[in-house]
Structure formats: C-alpha cells, structure tokens
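Trainee: Submitted below is the structure of interest, expressed as structure tokens.
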Amino acid sequence: MQVSSQIEPRSSRWFAVQTRAQCEDLALRHMRNQNFSTFCPMVRAMRKLGRHSMECLQSFFRGYIFVELDLERQQWRSINGTIGVARLVSFGANSRPTPLPIGLVEQLKGLCEPDDELAFDDRLLPGDHVRVMSGLFAELCGVLQSASNHERVTILLNILSRETPVELSAAVVARAA
C-alpha cells in the first residue's frame with residue numbers, strides 16, 4: 001500500500017461573526033455545541049457594578065467573534081440561526097460570508113494566553129501613545145505622562161482642544177497601535 005505524499009490543501013478560512021449585543025459568550029457556547037471551531041480574543045477591563053468596580057474579561061472586538069469554516073464541506077448557514085448570533089459577516093450582493101485576511105486570526109491567537117486573553121506588553125513608558133479601554137474616557141487616546149507604583153497612570157488626553165492630565169487605573173490603559 002502506497003501513501004500519497006501530497007498534502008491536501010487546507011480549504012478552511014476564518015470568518016467574522018456579528019453577535020447580538022453583549023452575547024459573545026452565548027454565541028460561542030452555542031456555536032461550539034454545533035462543533036464549530038471558534039475564537040474570541042479577550043482583554044481585562046473594569047466593570048462598574050453600582051458603586052464598586054471589578055475587573056473582568058471582555059471581548060476585544062465587542063460584538064464580534066471568529067469562526068473557522070470550510071464553506072464547501074460544512075453546513076455554515078446554521079450559524080445565522082444560532083442563539084446569540086446576528087449574522088455571518090458578508091459584503092456585496094453575494095450571500096456567502098467574506099473570509100478574513102489569511103494569517104490575521106493566527107497572529108491574534110499567537111498574542112493570546114491559553115484562556116484567549118490577549119497578552120499585551122504591560123511596560124508602558126512615558127511618551128507612549130495609549131488608548132483607554134473602558135470607563136468614562138473609553139476609546140480616547142492620549143500620551144502617557146507618568147506611571148506610579150500604585151498601578152495608577154497619568155495620561156494627557158486632548159479634551160476641549162487642550163491637553164488635560166487624567167489619572168486612571170493602569171488596568172484600563174493599553175498601548176495604542
């Protein structure tokens with residue numbers, strides 16, 4: 001018996017799945033129950049519960065998860081009817097989902113810990129461009145002015161056309177791309 005030395009080309013690709021509001025975990029669970037290979041990179045964020053704040057993991061791409069599919073061999077249309085899923089992302093008149101660029105999800109996976117938490121380089125230095133990930137100033141970008149030993153950082157944010165120093169928890173700040 002002779003074994004073929006040719007390796008079958010991999011025809012599966014990664015696709016983006018838009019989830020319903022705050023339903024990434026629900027969609028992941030139900031897609032995994034259907035034996036789909038999924039991925040959702042997570043980041044630590046501060047969540048307010050009444051007067052208290054607590055650190056939690058949340059999706060880095062809020063409202064989106066990734067699924068690996070072979071469109072020719074898998075019953076992918078069932079994803080659109082999965083609990084927690086809004087739709088598979090597609091563009092144009094074509095009803096087929098649009099694949100993500102080759103290597104994008106693999107690079108993200110390479111940056112993650114085993115629990116899918118993105119492992120950013122925490123060593124921020126004064127002068128680094130940073131982004132606030134959650135809280136009152138979420139999604140704003142600024143320049144790191146200083147960092148203390150008490151896990152607090154001071155960032156210069158451009159508010160009302162002037163640079164304003166704001167002190168925040170280092171846990172809610174990440175290096176900006």
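The values are calculated or read from the model by the stated rules, or taken from the named source; none is laboratory data. Quick caveat: nothing in here was measured; it's all calculated off a predicted structure. Because the Cβ atoms are built from the backbone with ideal geometry, glycine has one as well, and the counts that use them run over all protein chains shown.
Trainee: Quick test for you: out of S78, S95, S134, pick the one residue that is surrounded by 11 or more Cβ atoms within 10 Å (Cβ to Cβ), of a type in the set (S, T, Y) and assigned to a loop (DSSP other than H, G, I, E, B). Steps first, please.
Mentor: Working: S78 fails: assigned to a loop (DSSP other than H, G, I, E, B); S95 fails: surrounded by 11 or more Cβ atoms within 10 Å (Cβ to Cβ).
After ruling out the rest, the residue left standing is S134.
Trainee: In addition: Please specify each residue of the stretch 119-129 satisfying the condition of being within 17 Å of the chain's Cα centre (by Cα) and either at pLDDT 85 or above or aromatic (F, W, Y) (or both).
Mentor: Initially, the stretch 119-129 is screened for residues within 17 Å of the chain's Cα centre (by Cα), giving 119-121.
F120, the sole residue that qualifies.
Trainee: Shifting gears a bit: Checking the structure you have, find out if any residue of the stretch 80-95 is over 22 Å from F66 (Cα atoms), within 21 Å of the chain's Cα centre (by Cα) and among the small types (G, A, S).
Mentor: For the stretch 80-95, residues over 22 Å from F66 (Cα atoms), within 21 Å of the chain's Cα centre (by Cα) and among the small types (G, A, S): absent.
Trainee: Give the residues of the stretch 146-162 that are crowded, with 16+ Cβ neighbours inside 10 Å and over 26 Å from the mean Cα position of the chain (by Cα), sorted by residue number.
Mentor: none
Trainee: With under 19 Å from S59 (Cα atoms) and touching a Pro at 6+ places or on another chain (Cβ under 6 Å) as the only criterion, which of L108, L136, L104 stands out?
Mentor: Values: L136 fails: touching a Pro at 6+ places or on another chain (Cβ under 6 Å); L104 fails: touching a Pro at 6+ places or on another chain (Cβ under 6 Å).
None of the other options fit; the residue is L108.
Trainee: Still on this structure: Somewhere in the stretch 11-31, is a residue assigned to a strand (DSSP E or B), of a type outside the set (F, W, Y) and over 28 Å from R131 (Cβ atoms)?
Mentor: The first filter runs over the stretch 11-31 and keeps only residues assigned to a strand (DSSP E or B), leaving 13-19.
Still in the list and also of a type outside the set (F, W, Y): 13, 16-19.
So of that shortlist, the ones also over 28 Å from R131 (Cβ atoms) come out as 13.
Yes, the stretch 11-31 contains at least one residue that is assigned to a strand (DSSP E or B), of a type outside the set (F, W, Y) and over 28 Å from R131 (Cβ atoms).
Trainee: Taking the stretch 137-146, which residues are in a loop (DSSP other than H, G, I, E, B) and farther than 12 Å from S169 by Cα? Give the derivation first.
Mentor: Filtering the stretch 137-146 for residues in a loop (DSSP other than H, G, I, E, B) gives 137-140.
Scanning the stretch 137-146 gives A138, E139, L140.
Trainee: Which of the residues that make up the stretch 147-177 are part of a strand (DSSP E or B) and either in contact (Cβ under 8 Å) with a residue 40 or more places away in the chain or among the charged types (D, E, K, R) (or both)? Before you say what the answer is, go through the steps one by one.
Mentor: If we filter the stretch 147-177 for residues that are part of a strand (DSSP E or B), which is where we start, we get 147, 152-159, 162-169, 173-175.
Within the stretch 147-177, R152, R162, E163, E167, S169, V173, A174, R175 meet the criteria.
Trainee: Against the condition within 20 Å of S134 (Cα to Cα) and touching a Pro at 6+ places or on another chain (Cβ under 8 Å), how does S53 come out, does it pass?
Mentor: no
Trainee: Next question. Test of understanding: among F66, F36, which residue is more than 12 Å from the chain's Cα centre (by Cα), among the hydrophobic types (A, V, I, L, M, F, W, C) and surrounded by 16 or more Cβ atoms within 10 Å (Cβ to Cβ)? So that I can check it myself, show each step before the final result.
Mentor: On the way: F66 fails: more than 12 Å from the chain's Cα centre (by Cα).
Matching residue, one of F66, F36: F36.
Trainee: Moving on to the next point. Would you mind telling me which numbered condition in (1) of a type in the set (D, E); (2) within 21 Å of the chain's Cα centre (by Cα); (3) loosely packed, with under 14 Cβ neighbours inside 10 Å D116 fails?
Mentor: Against the list (1) of a type in the set (D, E); (2) within 21 Å of the chain's Cα centre (by Cα); (3) loosely packed, with under 14 Cβ neighbours inside 10 Å, D116 comes up short only on (3).
Trainee: Let me ask you something else. Assess whether R73 counts as being over 17 Å from the mean Cα position of the chain (by Cα), in contact (Cβ under 8 Å) with a residue 24 or more places away in the chain and either over 26 Å from V172 (Cβ atoms) or part of a loop (DSSP other than H, G, I, E, B) (or both).
Mentor: Numbers: over 17 Å from the mean Cα position of the chain (by Cα): yes; in contact (Cβ under 8 Å) with a residue 24 or more places away in the chain: yes; either over 26 Å from V172 (Cβ atoms) or part of a loop (DSSP other than H, G, I, E, B) (or both): yes.
Criteria met by R73.
Trainee: What residue, among those in the stretch 90-115 that are at pLDDT below 90 and touching a strand residue (DSSP E or B) at 6+ places or on another chain (Cβ under 6 Å), is nearest to E55 (Cα to Cα)?
Mentor: In this case the residue turns out to be C112.
Trainee: Right, another one. Can you pull out the residues in the stretch 16-56 that are at pLDDT 95 or above, in contact with a Ser or Thr (Cβ under 7 Å, 6 or more places away or on another chain), among the hydrophobic types (A, V, I, L, M, F, W, C) and more than 12 Å from V85 (Cβ to Cβ)?
Mentor: Correct list: C40 only.
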